[in-house]
Amino acid sequence: MTVSRVINDGASVRETTREAVQAAIRELSYAPNLAARNLVMAGELRIGVVYSNPSAAFMSDFLVGVFEEATNAGARLILARGENGHPPAEAELERLLAAGVQGVVLAPPLGESAAVLGVLRTAGLPVAVVAAGRPAADAINVRIDDRQASWTMTRHLLDLGHRRIGFIAGNPDQTASAERLEGARAAIAAVPGAELLLAQGAFTYDSGLRAAERLLDRAPAPTAIFASNDDMAAAAVSVAHRRHLDVPRDLTVVGFDDATVATTLWPPLTTVRQPVRQMAAVALDRLIRALRSSAPAGGAAADHVLDHALIQRESTAPPRPIDTPPDAGTHGARPHV
């Protein structure tokens with residue numbers, strides 16, 4: 001309160017105290033946070049939320065997280081949306097800024113968009129980034145360790161006995177995709193005779209269909225497929241069923257995110273739980289705290305890494321013995337309909 005009175009030329013401060021505070025301001029090169037000052041003066045907290053994720057399941061969890069946290073904090077959210085992973089139009093971003101937002105939360109992949117980050121930096125707004133594979137130096141980052149999570153899942157498949165594992169990579173423009181691929185490769189490299197078969201996806205169901213077809217056209221085909229998100233894993237299960245392969249007896253399929261689709265298809269997916277709703281809520285909470293404290297949003301201390309978990313369900317099993325035909329036994333492939 002004393003510092004605030006000095007900065008705002010308040011009269012009820014002793015001269016010796018005023019001089020001490022001003023000396024500290026000069027030494028620390030302190031500058032008031034204009035966004036936080038506007039927040040206090042305006043009496044209403046306005047936060048922009050910019051998103052353009054092609055996964056409806058991911059965005060559903062993300063938006064629930066920010067809506068719930070905004071309700072708890074008494075904040076007003078102003079949304080700006082792009083399409084299919086692309087940034088919103090320039091006019092949409094200008095509308096967001098004109099609405100008087102004091103900070104912005106970015107859903108993936110926009111936390112890695114140079115265009116979006118450039119506009120927000122020019123405007124001097126603090127930013128919170130959710131689920132970027134690597135932290136941005138000047139933003140609040142909330143994420144999991146994608147590489148370690150992917151390593152854990154791949155290690156699980158190897159422990160089941162799989163040695164020929166198909167991997168459907170995510171959008172190559174996102175660092176999370178590269179981190180998940182590197183995690184899988186690290187696990188594979190530690191096991192002699194294990195092989196990772198790569199197919200490119202884009203975090204969409206359609207791209208998962210195409211990638212799974214390419215993997216299952218290989219000879220010999222993989223005994224397990226690890227998709228970089230649950231939408232693509234669901235697509236791989238669909239392709240397997242279309243080819244009359246039983247999941248998991250003939251083909252193990254696993255995903256990443258633990259989105260709603262992981263428990264609404266058959267069989268339910270073994271997956272990595274990425275706490276998307278919690279990540280979104282934490283990002284908004286940390287952004288609000290930064291605004292209210294007049295603290296800088298970025299810096300090493302602004303990298304918040306949340307826990308992930310391996311969730312085992314019914315889509316995984318040891319590989320079928322080579323000399324056992326796919327339709328043997330009572331749990332073989334589904335009949336042609």
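In order along region 268-285, the Karplus-derived 3J(HN,Hα) couplings, from 6.51 cos²θ - 1.76 cosθ + 1.60 at θ = phi - 60°, round to x, 7, 6, 7, 8, 7, 9, x, 4, 4, 5, 4, 5, 5, 5, 4, 5, 4 Hz, and Gly and Pro are given as x. Between Arg26 and Ala194, the FRET efficiency estimated from the beta carbon spacing at R0 = 45 angstrom works out to 0.15. Look at Ile188, Ile165 and count the other Cβ atoms within 10 Å of each Cβ; fewest to most, that gives Ile188, Ile165.
Amide H contacts under 5 Å for Arg46: Arg76, Gln102, restricted to partners 5 or more places along the chain or on a different chain, H placed in the peptide plane at 1.01 Å from N. Scalar couplings 3J(HN,Hα) for region 108-119, obtained by applying the Karplus form with A = 6.51, B = -1.76, C = 1.60 to θ = phi - 60°, are x, x, 6, x, 10, 8, 4, 5, 5, 4, x, 4 Hz; x denotes Gly and Pro. Taken about its Cα centre, region 146-274 carries a charge dipole of about 360 debye when Lys and Arg each add +1 at the Cβ and Asp and Glu each add -1 at the Cβ. Close amide H partners of Gly166, meaning residues 5 or more places away or on another chain with modelled amide H under 5 Å apart, are Leu197, Thr223, Ala224, Ile225, Phe226. Taking the three principal axes of the alpha carbon atoms in region 146-274, the coordinate ranges are 33, 29, 22 Å, sorted in descending order. Between Ala139 and Gly299, the built amide H atoms are under 5 Å apart, and every one of these is 5 or more places off in sequence or on another chain.
Bear in mind that the values in this text are calculations on the coordinates, not laboratory data. Just so it is clear, the structure is predicted and the values come from calculations on it, not from any experiment. Note: ideal-geometry Cβ built from the backbone for every residue, glycine included; neighbour counts use all protein chains shown.
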